[in-house]
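The values are calculated or read from the model by the stated rules, or taken from the named source; none is laboratory data. A quick note: this is a predicted structure, and the numbers were derived from the prediction, not measured. For neighbour counting, all protein chains shown are included, and Cβ atoms are generated from backbone atoms with ideal geometry for every residue, glycine included.
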Amino acid sequence: MIVIGDYHMHTKLSGDSKNELEAIVKKAIEIGLTEIAITDHGPAHNGYGIKKEQYPVLRAEIDRLNEKYPQINILLGLEANLLGTDGEIDIDENMWKIIDWVNAGYHFGSNLRKDYKLHLYNALSKVSKRYHEKVKKLNTISMVNALRKNKINMLTHPGAKGPIDIDQVAKAAAESGTVLEINNSHGHLTVEEIKIAMKYPVKFAVCSDAHEIENIGNVSNAIDRAFIAGLAPDRIINVRA
């Protein structure tokens, strides 16, 4: 399989990356990608979120680079945070007007004032079976409601930051036309999760989640998991057989 796109990567506007935007574009062209999405962390993340006032500036810079490098299509995206269980994500009206690609996922450290109990339960789920089952239901409700309420292009690393019912999430993703990410960095979707999700007519993407330049387009681990699960290449949106 030949990788032709990568829809999950971060610039220095995410506090956990030092990548310069133009350096990302040059690297993507160098390795043969034809489309990328720049997906910095949403503004509700207390440690790594992009500032809302930076977003129009990023839009203008992406527009400039699309003119400069016509051999690649650069999308303005965001890795939005799931907020609570009501289906909210941290994209406001002004951001919706200029965005091209929406990722969404659960992250520790987002919306701390309102979601501290959810974060606490996810932390406790690693050592407590009772909290594992409790927060699995809450995480699943959060993802399913977000899919129903918003136009989300891709769910990022489902199950990596907290347990979910992948059967319910995959069913909802198929209904909403949302892609499920096989994340190269976090190990989710796992082989077993891919097999469960494959029961539904949902599409997948193998993405790098790159925070370093050298990892742009690096999806070898994700492809291995897809292959072991028996996922057909025509169900992966960013590869060519």
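State whether the residues of the stretch 40-61 include one that is crowded, with 21+ Cβ neighbours inside 10 Å, in contact (Cβ under 8 Å) with a residue 60 or more places away in the chain, assigned to a loop (DSSP other than H, G, I, E, B) and in contact with a Lys or Arg (Cβ under 8 Å, 6 or more places away or on another chain). For the stretch 40-61, residues crowded, with 21+ Cβ neighbours inside 10 Å, in contact (Cβ under 8 Å) with a residue 60 or more places away in the chain, assigned to a loop (DSSP other than H, G, I, E, B) and in contact with a Lys or Arg (Cβ under 8 Å, 6 or more places away or on another chain): absent. Filtering the stretch 12-30 to residues that are buried (at least 22 other Cβ atoms within 10 Å of the Cβ) and in a loop (DSSP other than H, G, I, E, B) leaves 14, 19.
Residue 136 meets all of the listed conditions (1) part of a strand (DSSP E or B); (2) closer than 15 Å to residue 82 by Cα but one, namely (1).
Sort through 122, 73, 145, 94 and tell me the only one that's more than 17 Å from residue 197 (Cβ to Cβ) and in contact with a strand residue (DSSP E or B) (Cβ under 6 Å, 6 or more places away or on another chain). Give the derivation first.
On the way: 122 fails: in contact with a strand residue (DSSP E or B) (Cβ under 6 Å, 6 or more places away or on another chain); 145 fails: in contact with a strand residue (DSSP E or B) (Cβ under 6 Å, 6 or more places away or on another chain); 94 fails: in contact with a strand residue (DSSP E or B) (Cβ under 6 Å, 6 or more places away or on another chain).
Sole residue among the options that is more than 17 Å from residue 197 (Cβ to Cβ) and in contact with a strand residue (DSSP E or B) (Cβ under 6 Å, 6 or more places away or on another chain): 73.
If you check 92, 115 for being exposed (fewer than 15 other Cβ atoms within 10 Å of the Cβ) and under 21 Å from residue 47 (Cα atoms), only one passes: 92. Being in contact with a Gly (Cβ under 6 Å, 6 or more places away or on another chain), buried (at least 20 other Cβ atoms within 10 Å of the Cβ) and in a strand (DSSP E or B) holds for only one residue in 33, 82, 78, and it is 78. Taking residue 137, is it out of contact with any Cys (no Cβ under 9 Å at 6 or more places or on another chain) and either within 22 Å of residue 179 (Cβ to Cβ) or at pLDDT 95 or above (or both)? Here the answer is yes, as residue 137 does meet what is asked. Selection over the stretch 5-31 of residues that are over 13 Å from the mean Cα position of the chain (by Cα), within 19 Å of residue 71 (Cα to Cα) and in contact (Cβ under 8 Å) with a residue 60 or more places away in the chain gives a count of 6. Remark: pairs (first residue in the stretch 209-231, at positive phi; second residue at pLDDT below 95; Cβ separation under 9 Å; 6+ apart in sequence or on different chains) = 209/185; 209/186. Any residue at all in the stretch 37-57 that is within 28 Å of residue 239 (Cβ to Cβ), β-branched (Val, Ile, Thr) and over 16 Å from the mean Cα position of the chain (by Cα)? Checked against the condition, which is being within 28 Å of residue 239 (Cβ to Cβ), β-branched (Val, Ile, Thr) and over 16 Å from the mean Cα position of the chain (by Cα), the stretch 37-57 yields no hits at all.
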